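One structure is given below, encoded as structure tokens.
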Amino acid sequence: MVKTTSALFSPITIRTVQFKNRIAVSPMCQYSSEDGFANDWHLVHLGSRAVGGAGLIFTEATAVSPEGRITPDDLGIWKDDHIPGLKRITQFIKQNGSVAGIQLAHAGRKASHQRPWDGGAAIAPTGERGWQTVAPSAIPFSESEPVPVALTAAGIEKVLTDFQVATQRALDAGFSVVEIHAAHGYLLHEFLSPLSNQRTDAYGGSFENRTRLLLEVVERVQTVWPRDLPMFVRISATDWTEGGWTADDSVKLADILKTKGVDVIDCSTGGNVPNAKIPSYPGYQVEFAERIKQETGMMTAAVGLITSVEQAEAILANSRADFVLLAREFLRDPYFPLHAAHVLKEDMPWPVQYERAKPRQ
């Protein structure tokens with residue numbers, strides 16, 4: 001074991017999984033799949049971050065059903081045929097000393113969109129490559145988008161089953177961490193927030209009812225996911241909009257998830273309404289990870305404009321979170337952990353193929 005003095009490179013063990021450092025690759029949609037299949041792009045994209053030294057590498061939001069995709073080009077895990085391509089990736093990640101994580105997702109009313117570089121507009125159910133979206137209530141994300149269909153009891157049961165079966169596939173594909181995506185205005189977040197959930201049945205109204213589906217998804221996932229492997233849940237800690245989901249709600253939810261056996265709350269924000277006024281400055285979401293960690297004792301992951309080594313180190317050194325998740329910075333620099341180790345004077349091993357380029361302290 002390499003000795004470390006920095007918080008960023010302190011190993012951590014959750015259940016039976018050891019992470020060599022606290023740097024994680026945040027889920028980042030690549031919009032590069034055909035029929036949900038992982039391909040060479042995904043192998044190189046995720047594999048290069050393993051070569052770069054990340055402790056934990058998440059796939060992009062991986063759809064548990066075809067209708068759960070954000071775009072027709074999203075990664076998927078709704079059929080067994082998806083397993084081999086994903087397994088190729090997890091094997092490479094593990095061979096390079098990193099932990100492979102998968103984010104299971106359903107986009108809800110924000111599904112059926114074009115890729116960002118094709119304009120990102122919603123695709124009508126009758127449009128080419130489009131489909132009917134679903135949500136807790138028949139409320140579109142914006143006035144210009146198609147109205148989703150409110151999920152029936154049978155529709156909710158299908159969602160639960162889709163998450164459960166996808167979890168078994170994730171296990172078969174070799175993932176060691178599973179994360180349930182309940183953030184960014186996608187289906188599970190839509191149920192949590194009063195802005196998008198106006199149901200009058202057992203899944204709407206009170207806090208208890210609005211959190212019911214997420215808790216049921218957690219329980220279904222746990223019927224398959226081994227107890228010795230970590231489970232994360234990503235939330236949007238606030239809607240940044242009056243009358244929506246709040247930081248207080250997030251603390252309350254985290255307390256419940258802790259009792260349910262969830263290990264880490266991955267703290268993002270926003271995404272559920274189009275015109276939310278979201279402040280944007282370095283580390284603008286870290287306060288939510290810090291608050292949940294302090295008030296509930298849950299491990300948390302911080303994300304959001306974390307771009308420098310010194311910033312990432314300070315977040316962990318000051319016990320504001322247990323992991324830092326980087327997204328765009330990893331797009332700019334797939335080898336961020338290797339470079340961070342040099343800055344922090346940590347003797348982090350480099351891949352032997354790259355050893356001759358390693359800076360000397």
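The values are calculated or read from the model by the stated rules, or taken from the named source; none is laboratory data. Only a predicted model underlies this, so the values are computations on that prediction, with no experimental measurement involved. Neighbour counts run over all protein chains shown; Cβ positions are idealised from the backbone, glycine included.
From the list VAL159, VAL165, the lone residue that is at pLDDT 95 or above, surrounded by 13 or more Cβ atoms within 10 Å (Cβ to Cβ), assigned to a helix (DSSP H, G or I) and in contact with a Gly (Cβ under 9 Å, 6 or more places away or on another chain) is VAL159. Taking the stretch 137-161 as the range and being under 21 Å from HIS113 (Cα atoms) and acidic (Asp, Glu) as the test, the residues that pass are GLU143, GLU145. Would it be correct to say that LEU229 is at pLDDT 95 or above and either closer than 28 Å to PHE191 by Cβ or under 19 Å from the mean Cα position of the chain (by Cα) (or both)? Judged against the criteria, LEU229 is a match. Of the residues LEU75, LEU86, which is in contact (Cβ under 8 Å) with a residue 60 or more places away in the chain, surrounded by 21 or more Cβ atoms within 10 Å (Cβ to Cβ) and closer than 17 Å to SER32 by Cβ? After applying the criteria, what remains is LEU86. For the stretch 335-344, taking the residues that are under 12 Å from ILE23 (Cβ atoms) and not aliphatic (A, V, I, L, M), the one that is surrounded by the most Cβ atoms within 10 Å (Cβ to Cβ) is identified as PRO337. Residues considered: PHE323, PHE288. Of these, the only one that is of a type in the set (Phe, Trp, Tyr), surrounded by 23 or more Cβ atoms within 10 Å (Cβ to Cβ), closer than 15 Å to ARG234 by Cβ and touching a Lys or Arg at 6+ places or on another chain (Cβ under 7 Å) is PHE323. Condition test on ARG220, is it buried (at least 16 other Cβ atoms within 10 Å of the Cβ), in contact with a Leu (Cβ under 6 Å, 6 or more places away or on another chain), closer than 28 Å to ALA24 by Cβ and touching a residue at least 60 places away in the same chain (Cβ under 8 Å)? The answer is yes for ARG220. In the stretch 1-105, counting only strands (runs of 3 or more DSSP E) that sit wholly within it, the ones holding 1 or more residues that are at pLDDT 95 or above, under 21 Å from TYR354 (Cα atoms) and in contact with a strand residue (DSSP E or B) (Cβ under 6 Å, 6 or more places away or on another chain) span 23-25, 56-63, 99-105.
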